[in-house]
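Q: My questions all concern the structure below.
The values are calculated or read from the model by the stated rules, or taken from the named source; none is laboratory data. Everything quoted here is computed from the prediction, not taken from an experiment. Every residue, glycine as well, gets a Cβ built from its backbone with ideal geometry; the counts of neighbours run over all protein chains shown.
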Ligand SMILES: [Mn+2]
(Lines give C-alpha, C1' and ligand atoms only; values in the text may rest on other atoms or scores of the structure.)
Protein backbone atom coordinates (compact mmCIF):
# COMPACT_ATOMS: atom_id res chain seq x y z
CA UNK A 1 0.00 0.00 0.00
CA UNK A 2 1.46 3.35 -0.93
CA UNK A 3 0.51 6.89 -1.63
CA UNK A 4 1.08 8.29 -5.08
CA UNK A 5 1.47 11.84 -6.28
CA UNK A 6 -0.42 13.20 -9.25
CA UNK A 7 2.29 12.51 -11.85
CA UNK A 8 2.63 8.89 -10.77
CA UNK A 9 -1.12 8.29 -10.73
CA UNK A 10 -1.44 9.70 -14.24
CA UNK A 11 1.51 7.62 -15.45
CA UNK A 12 -0.18 4.45 -14.14
CA UNK A 13 -3.57 5.35 -15.59
CA UNK A 14 -2.09 6.25 -18.97
CA UNK A 15 -0.22 3.02 -19.55
CA UNK A 16 0.00 -0.41 -18.04
CA UNK A 17 -0.58 -4.10 -18.63
CA UNK A 18 -3.65 -4.54 -20.85
CA UNK A 19 -6.82 -2.47 -20.59
CA UNK A 20 -7.47 -0.45 -17.44
CA UNK A 21 -10.54 -1.55 -15.50
CA UNK A 22 -12.36 1.62 -14.39
CA UNK A 23 -14.68 1.05 -11.41
CA UNK A 24 -17.05 3.41 -9.61
CA UNK A 25 -19.24 2.51 -6.65
CA UNK A 26 -22.43 0.45 -6.74
CA UNK A 27 -25.63 2.53 -7.02
CA UNK A 28 -23.44 5.07 -8.81
CA UNK A 29 -24.09 8.80 -8.39
CA UNK A 30 -23.10 11.87 -10.39
CA UNK A 31 -19.63 12.19 -8.86
CA UNK A 32 -18.80 8.50 -9.26
CA UNK A 33 -19.99 8.36 -12.87
CA UNK A 34 -18.38 11.70 -13.77
CA UNK A 35 -15.06 10.63 -12.24
CA UNK A 36 -15.02 7.22 -13.95
CA UNK A 37 -15.80 8.84 -17.32
CA UNK A 38 -13.16 11.55 -16.79
CA UNK A 39 -10.58 8.76 -16.30
CA UNK A 40 -11.88 7.10 -19.49
CA UNK A 41 -11.41 10.36 -21.42
CA UNK A 42 -7.90 10.64 -20.04
CA UNK A 43 -7.11 7.07 -21.21
CA UNK A 44 -8.58 7.95 -24.59
CA UNK A 45 -6.13 10.86 -24.89
CA UNK A 46 -3.24 8.58 -23.94
CA UNK A 47 -4.27 5.82 -26.36
CA UNK A 48 -4.83 3.39 -23.48
CA UNK A 49 -7.57 0.76 -23.69
CA UNK A 50 -10.03 0.63 -20.81
CA UNK A 51 -13.25 -0.99 -19.67
CA UNK A 52 -15.86 0.95 -17.65
CA UNK A 53 -17.74 -1.30 -15.27
CA UNK A 54 -20.48 -1.24 -12.64
CA UNK A 55 -22.76 -3.78 -10.97
CA UNK A 56 -25.74 -1.55 -11.62
CA UNK A 57 -27.01 0.12 -14.80
CA UNK A 58 -26.10 3.80 -15.11
CA UNK A 59 -29.26 5.89 -14.43
CA UNK A 60 -30.73 7.34 -17.63
CA UNK A 61 -30.37 10.91 -16.34
CA UNK A 62 -26.61 10.61 -16.98
CA UNK A 63 -27.05 9.67 -20.67
CA UNK A 64 -25.77 13.09 -21.70
CA UNK A 65 -22.27 12.37 -20.42
CA UNK A 66 -19.91 11.44 -23.24
CA UNK A 67 -19.19 7.65 -23.22
CA UNK A 68 -21.84 6.93 -20.54
CA UNK A 69 -23.07 4.24 -22.97
CA UNK A 70 -19.73 2.45 -22.66
CA UNK A 71 -20.38 1.27 -19.10
CA UNK A 72 -20.76 -2.51 -18.91
CA UNK A 73 -22.32 -4.59 -16.15
CA UNK A 74 -19.72 -6.55 -14.19
CA UNK A 75 -21.80 -9.72 -14.58
CA UNK A 76 -21.44 -9.46 -18.38
CA UNK A 77 -17.62 -9.39 -18.42
CA UNK A 78 -15.59 -12.60 -18.69
CA UNK A 79 -12.21 -10.91 -19.10
CA UNK A 80 -9.78 -10.51 -16.16
CA UNK A 81 -7.67 -7.38 -15.60
CA UNK A 82 -4.11 -6.77 -14.42
CA UNK A 83 -4.72 -3.15 -13.46
CA UNK A 84 -7.76 -1.35 -12.10
CA UNK A 85 -8.74 2.03 -10.71
CA UNK A 86 -11.56 2.60 -8.22
CA UNK A 87 -13.01 6.13 -8.09
CA UNK A 88 -15.28 7.58 -5.37
CA UNK A 89 -15.30 4.26 -3.45
CA UNK A 90 -15.10 4.90 0.30
CA UNK A 91 -14.11 1.28 0.91
CA UNK A 92 -13.44 -1.90 -1.05
CA UNK A 93 -16.98 -3.23 -0.64
CA UNK A 94 -18.29 -0.27 -2.64
CA UNK A 95 -16.73 -1.78 -5.77
CA UNK A 96 -19.24 -4.63 -5.54
CA UNK A 97 -18.65 -7.57 -7.85
CA UNK A 98 -16.38 -5.53 -10.12
CA UNK A 99 -13.60 -6.68 -7.80
CA UNK A 100 -14.16 -10.25 -9.00
CA UNK A 101 -12.76 -9.16 -12.40
CA UNK A 102 -9.25 -8.73 -11.00
CA UNK A 103 -6.60 -11.10 -12.33
CA UNK A 104 -4.24 -12.54 -9.71
CA UNK A 105 -1.89 -9.75 -8.53
CA UNK A 106 -4.03 -7.10 -10.14
CA UNK A 107 -2.74 -3.64 -9.27
CA UNK A 108 -5.48 -1.48 -7.75
CA UNK A 109 -5.37 2.32 -7.65
CA UNK A 110 -7.82 4.06 -5.29
CA UNK A 111 -8.82 7.67 -6.06
CA UNK A 112 -11.32 9.15 -3.64
CA UNK A 113 -12.43 12.01 -1.37
CA UNK A 114 -14.16 10.26 1.57
CA UNK A 115 -12.28 11.03 4.75
CA UNK A 116 -13.16 7.56 6.05
CA UNK A 117 -11.34 5.94 3.09
CA UNK A 118 -8.92 3.38 4.51
CA UNK A 119 -6.42 3.83 1.69
CA UNK A 120 -7.20 0.36 0.30
CA UNK A 121 -5.53 -0.86 -2.87
CA UNK A 122 -1.89 -0.95 -3.95
CA UNK A 123 -1.81 2.80 -4.42
CA UNK A 124 -4.13 5.48 -3.17
CA UNK A 125 -4.84 9.11 -3.83
CA UNK A 126 -7.36 10.17 -1.20
CA UNK A 127 -8.07 13.84 -0.53
CA UNK A 128 -10.56 13.83 2.32
CA UNK A 129 -11.17 17.58 2.30
CA UNK A 130 -12.12 17.69 -1.39
CA UNK A 131 -15.85 18.08 -2.04
CA UNK A 132 -15.83 15.57 -4.89
CA UNK A 133 -13.67 12.91 -6.49
CA UNK A 134 -14.08 15.00 -9.63
CA UNK A 135 -12.29 17.86 -7.84
CA UNK A 136 -9.39 15.52 -6.98
CA UNK A 137 -9.17 14.60 -10.68
CA UNK A 138 -9.42 18.26 -11.73
CA UNK A 139 -6.53 19.18 -9.39
CA UNK A 140 -4.49 16.31 -10.82
CA UNK A 141 -5.11 17.33 -14.44
CA UNK A 142 -4.29 20.97 -13.75
CA UNK A 143 -1.18 20.28 -11.65
CA UNK A 144 0.26 18.05 -14.36
CA UNK A 145 -0.67 20.36 -17.24
CA UNK A 146 -2.94 17.70 -18.78
CA UNK A 147 -5.30 19.29 -21.29
CA UNK A 148 -8.97 19.15 -20.28
CA UNK A 149 -11.18 18.92 -23.36
CA UNK A 150 -14.92 19.57 -23.47
CA UNK A 151 -15.89 15.93 -22.86
CA UNK A 152 -13.71 15.55 -19.77
CA UNK A 153 -14.77 18.99 -18.53
CA UNK A 154 -18.46 18.05 -18.77
CA UNK A 155 -17.83 14.90 -16.70
CA UNK A 156 -15.82 16.75 -14.03
CA UNK A 157 -18.32 19.61 -13.85
CA UNK A 158 -21.20 17.16 -13.43
CA UNK A 159 -19.49 15.40 -10.52
CA UNK A 160 -18.80 18.74 -8.83
CA UNK A 161 -22.39 19.95 -9.30
CA UNK A 162 -23.71 16.67 -7.88
CA UNK A 163 -21.51 16.44 -4.78
CA UNK A 164 -21.96 20.11 -3.84
CA UNK A 165 -25.74 19.89 -4.33
CA UNK A 166 -25.46 22.55 -7.03
CA UNK A 167 -22.98 24.63 -4.97
CA UNK A 168 -25.28 24.79 -1.96
CA UNK A 169 -23.48 22.64 0.63
CA UNK A 170 -20.69 23.87 2.90
CA UNK A 171 -18.18 22.02 0.74
CA UNK A 172 -18.74 24.67 -1.99
CA UNK A 173 -15.40 26.35 -1.38
CA UNK A 174 -13.91 29.24 -3.34
CA UNK A 175 -11.55 26.69 -4.93
CA UNK A 176 -14.38 24.55 -6.26
CA UNK A 177 -16.18 27.59 -7.70
CA UNK A 178 -12.95 28.55 -9.48
CA UNK A 179 -12.62 24.99 -10.80
CA UNK A 180 -16.23 25.12 -12.02
CA UNK A 181 -15.63 28.51 -13.64
CA UNK A 182 -12.63 27.12 -15.50
CA UNK A 183 -14.59 24.04 -16.64
CA UNK A 184 -17.49 26.22 -17.83
CA UNK A 185 -15.17 28.01 -20.26
CA UNK A 186 -15.18 24.75 -22.26
CA UNK A 187 -18.62 25.25 -23.77
CA UNK A 188 -20.70 23.69 -21.00
CA UNK A 189 -24.31 24.71 -20.36
CA UNK A 190 -24.89 24.93 -16.61
CA UNK A 191 -28.67 24.67 -16.80
CA UNK A 192 -28.52 21.53 -18.92
CA UNK A 193 -26.34 19.84 -16.31
CA UNK A 194 -28.35 21.05 -13.29
CA UNK A 195 -31.60 20.11 -14.98
CA UNK A 196 -30.47 16.57 -15.78
CA UNK A 197 -28.59 15.90 -12.56
CA UNK A 198 -30.52 17.75 -9.86
CA UNK A 199 -33.92 18.85 -11.09
CA UNK A 200 -35.39 16.42 -13.61
CA UNK A 201 -38.29 14.36 -12.24
CA UNK A 202 -39.92 11.43 -13.96
CA UNK A 203 -43.69 11.06 -13.81
CA UNK A 204 -43.18 8.04 -11.60
CA UNK A 205 -41.14 10.12 -9.17
CA UNK A 206 -43.76 12.88 -9.15
CA UNK A 207 -46.45 10.29 -8.41
CA UNK A 208 -44.29 8.87 -5.62
CA UNK A 209 -43.95 12.35 -4.11
CA UNK A 210 -47.74 12.63 -4.12
CA UNK A 211 -48.18 9.29 -2.35
CA UNK A 212 -45.13 9.50 -0.10
CA UNK A 213 -45.91 12.96 1.27
CA UNK A 214 -49.12 11.56 2.74
CA UNK A 215 -46.84 9.74 5.22
CA UNK A 216 -44.83 12.82 6.19
CA UNK A 217 -44.67 12.92 9.98
CA UNK A 218 -43.10 15.61 12.13
CA UNK A 219 -42.39 15.15 15.85
CA UNK A 220 -43.93 17.38 18.52
CA UNK A 221 -41.01 19.77 18.69
CA UNK A 222 -40.73 19.99 14.90
CA UNK A 223 -37.16 18.69 14.85
CA UNK A 224 -37.48 15.22 13.34
CA UNK A 225 -39.38 14.58 10.11
CA UNK A 226 -39.75 11.31 8.26
CA UNK A 227 -41.40 9.73 5.25
CA UNK A 228 -41.99 5.99 4.90
CA UNK A 229 -42.46 4.44 1.47
CA UNK A 230 -43.83 0.91 1.29
CA UNK A 231 -44.01 -1.53 -1.62
CA UNK A 232 -47.62 -0.69 -2.44
CA UNK A 233 -46.72 2.97 -3.00
CA UNK A 234 -43.82 2.07 -5.26
CA UNK A 235 -46.05 -0.27 -7.21
CA UNK A 236 -48.87 2.27 -7.50
CA UNK A 237 -46.44 4.95 -8.70
CA UNK A 238 -44.70 2.56 -11.11
CA UNK A 239 -41.49 3.62 -9.38
CA UNK A 240 -38.50 1.69 -8.09
CA UNK A 241 -36.85 2.04 -4.73
CA UNK A 242 -34.16 4.42 -6.03
CA UNK A 243 -36.90 6.84 -7.10
CA UNK A 244 -37.80 7.36 -3.45
CA UNK A 245 -34.71 9.60 -3.05
CA UNK A 246 -36.84 12.48 -4.35
CA UNK A 247 -38.72 12.49 -1.06
CA UNK A 248 -35.71 13.10 1.16
CA UNK A 249 -35.53 16.90 0.65
CA UNK A 250 -39.09 17.23 1.97
CA UNK A 251 -37.88 16.08 5.40
CA UNK A 252 -34.74 18.00 6.35
CA UNK A 253 -35.72 21.04 4.28
CA UNK A 254 -38.66 21.77 6.57
CA UNK A 255 -37.70 24.79 8.59
CA UNK A 256 -36.72 23.91 12.12
CA UNK A 257 -36.16 20.24 11.32
CA UNK A 258 -32.77 18.95 12.46
CA UNK A 259 -32.97 15.36 11.20
CA UNK A 260 -34.89 14.16 8.15
CA UNK A 261 -35.35 10.46 7.42
CA UNK A 262 -36.58 8.47 4.47
CA UNK A 263 -37.59 4.84 5.03
CA UNK A 264 -38.20 2.62 2.03
CA UNK A 265 -39.29 -0.98 1.89
CA UNK A 266 -37.25 -3.24 -0.37
CA UNK A 267 -38.66 -6.10 -2.45
CA UNK A 268 -37.32 -8.62 0.12
CA UNK A 269 -39.15 -6.80 2.95
CA UNK A 270 -36.02 -5.26 4.44
CA UNK A 271 -35.92 -1.50 5.00
CA UNK A 272 -33.37 1.00 3.71
CA UNK A 273 -33.06 4.27 5.62
CA UNK A 274 -31.47 7.53 4.45
CA UNK A 275 -30.80 10.26 7.02
CA UNK A 276 -29.86 13.93 6.70
CA UNK A 277 -29.13 16.43 9.46
CA UNK A 278 -28.97 20.22 9.46
CA UNK A 279 -26.18 21.27 11.84
CA UNK A 280 -26.13 19.52 15.21
CA UNK A 281 -26.70 15.79 15.01
CA UNK A 282 -24.08 13.35 13.67
CA UNK A 283 -26.28 11.01 11.62
CA UNK A 284 -23.15 9.12 10.50
CA UNK A 285 -22.68 7.96 14.11
CA UNK A 286 -26.33 6.91 14.37
CA UNK A 287 -26.06 4.94 11.11
CA UNK A 288 -22.84 3.31 12.30
CA UNK A 289 -24.61 2.19 15.48
CA UNK A 290 -27.10 0.27 13.32
CA UNK A 291 -24.45 -1.23 11.05
CA UNK A 292 -24.55 1.45 8.33
CA UNK A 293 -22.33 4.45 7.67
CA UNK A 294 -21.79 7.73 5.85
CA UNK A 295 -20.99 11.32 6.69
CA UNK A 296 -21.88 13.61 9.60
CA UNK A 297 -24.76 15.25 7.70
CA UNK A 298 -25.75 12.39 5.36
CA UNK A 299 -25.82 8.69 6.19
CA UNK A 300 -27.77 5.48 5.79
CA UNK A 301 -28.40 2.04 7.22
CA UNK A 302 -30.57 -1.05 6.74
CA UNK A 303 -33.04 -2.89 8.95
CA UNK A 304 -34.91 -6.14 8.67
CA UNK A 305 -38.63 -5.51 8.17
CA UNK A 306 -41.35 -4.88 8.83
CA UNK A 307 -41.34 -1.20 7.91
CA UNK A 308 -43.26 -0.13 11.00
CA UNK A 309 -40.69 -1.72 13.36
CA UNK A 310 -37.75 -0.12 11.58
CA UNK A 311 -39.44 3.28 11.82
CA UNK A 312 -40.11 3.06 15.55
CA UNK A 313 -36.69 1.59 16.41
CA UNK A 314 -34.72 4.25 14.55
CA UNK A 315 -36.95 7.19 15.50
CA UNK A 316 -36.48 6.39 19.16
CA UNK A 317 -32.72 6.66 18.77
CA UNK A 318 -32.84 9.76 16.57
CA UNK A 319 -35.17 11.60 18.93
CA UNK A 320 -32.91 10.94 21.91
CA UNK A 321 -29.85 12.16 19.92
CA UNK A 322 -31.76 15.29 18.88
CA UNK A 323 -32.86 15.95 22.47
CA UNK A 324 -29.26 15.58 23.65
CA UNK A 325 -28.02 17.91 20.90
CA UNK A 326 -30.48 20.59 22.00
CA UNK A 327 -29.74 20.04 25.68
CA UNK A 328 -33.23 18.81 26.51
MN1 LIG B 1 -18.23 11.68 -4.30
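Q: Do any helices (runs of 4 or more DSSP H) entirely within region 207-301 hold 2 or more residues that are modelled with pLDDT under 95 and out of contact with any helix residue (DSSP H, G or I) (no Cβ under 7 Å at 6 or more places or on another chain), and if so, which?
A: Numbers: elements: 231-237, 249-252, 283-289.
Those helices (runs of 4 or more DSSP H) span 249-252, 283-289.
Q: Residue 170 is checked against (1) at pLDDT below 95; (2) away from the ligand (no atom under 14 Å from the Cβ); (3) crowded, with 21+ Cβ neighbours inside 10 Å and fails just one. What number does that condition carry?
A: Residue 170 satisfies every listed condition except (3).
Q: A further question follows. Of all residues being touching a residue at least 24 places away in the same chain (Cβ under 8 Å) and more than 18 Å from residue 307 (Cβ to Cβ) in region 222-249, which is surrounded by the most Cβ atoms within 10 Å (Cβ to Cβ)? Just the residue, please.
A: Per the criteria, the residue is 223.
Q: Go through region 90-116 and report how many residues are at pLDDT below 95 and under 24 Å from residue 138 (Cβ atoms).
A: 7
Q: Going through region 18-71 one residue at a time, which ones are assigned to a helix (DSSP H, G or I) and within 15 Å of the ligand (Cβ to nearest atom)? Before the answer, list the steps.
A: In the first step, residues of region 18-71 are kept if they are assigned to a helix (DSSP H, G or I); the result is 30-46, 60-62, 68-70.
Those that are assigned to a helix (DSSP H, G or I) and within 15 Å of the ligand (Cβ to nearest atom): 30, 31, 32, 33, 34, 35, 36, 37, 38, 39, 62.
Q: Still on this structure, I have one more. Going through region 79-117 one residue at a time, which ones are away from the ligand (no atom under 16 Å from the Cβ), surrounded by fewer than 16 Cβ atoms within 10 Å (Cβ to Cβ) and not in a helix (DSSP H, G or I)?
A: Once the filter is applied, which keeps residues that are away from the ligand (no atom under 16 Å from the Cβ), surrounded by fewer than 16 Cβ atoms within 10 Å (Cβ to Cβ) and not in a helix (DSSP H, G or I), region 79-117 yields 79, 80, 103, 104, 105.
Q: Looking at 201, 178, which one is surrounded by fewer than 14 Cβ atoms within 10 Å (Cβ to Cβ) and within 27 Å of residue 112 (Cβ to Cβ)? Write out each step before concluding.
A: On the way: 201 fails: within 27 Å of residue 112 (Cβ to Cβ).
The match here is 178.
Q: Can you pull out the residues in region 131-166 that are touching a helix residue (DSSP H, G or I) at 6+ places or on another chain (Cβ under 7 Å), without any contact (Cβ under 8 Å) to a residue 40 or more places away in the chain and part of a loop (DSSP other than H, G, I, E, B)?
A: Selection gives 148, 164, 166.
Q: Let me ask you something else. Could you list, in sequence order, all residues of region 108-132 that are within 15 Å of the chain's Cα centre (by Cα) and under 11 Å from residue 87 (Cα atoms)?
A: In the first step, residues of region 108-132 are kept if they are within 15 Å of the chain's Cα centre (by Cα); the result is 111-117, 128, 130-132.
Once the filter is applied, which keeps residues that are within 15 Å of the chain's Cα centre (by Cα) and under 11 Å from residue 87 (Cα atoms), region 108-132 yields 111, 112, 113, 114, 132.
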